[in-house]
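Read the structure below first, then the notes.
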Amino acid sequence: PSDAAGGGLLGVLSGVWWGTKGECYSIEPRGRESWSCIRYAGSGGQKTFTLWPDEASGVVWWGNNWSMYLDMSEVHAECDRIRWWDNTHDGHGTSRFVWWRAVGEEADALEPAGAW
């Protein structure tokens, strides 16, 4: 398997992440070519999204019509933060939003079977 789909990047992305609005995201493998991302809202709702790694361009796509992406080199450089960019990002703009890795007991409490 490839580095992105097979383990390298997935190993960095897998786990629980916090969004800036207090929402929680859990990233897990869905197969060899994509990953599942489940968003848990504080109100008890949840929604599942698909993330698509694209090694040729060095990004992971997300959203309707692949409208957002993360830069794999950024994730490897700072593995406790994910910045999602608009598809129109030119390398100098601001990110759409940021996720922060949940760690230790915080991550354990937020696992999908956890507090939501």
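Per residue, the convex hull spanned by the Cα atoms of the stretch 14-56 measures out at 73 cubic angstrom.
Over all distinct Cα-Cα pairs of the stretch 34-103, the Kirkwood formula returns a hydrodynamic radius of 13.0 Å. Here the simple spin-label model places points 7 Å from the Cα toward Cβ, and for His76 and Ser57 these points are separated by 1.8 nm.
Every number in this text was worked out from the coordinates using simple rules, so none of it is lab data. Nothing here was measured: the structure is a model prediction, and the numbers come from that model. Here the Cβ is made from the backbone with ideal geometry for all residues, glycine too, and neighbour counts use every protein chain on show.
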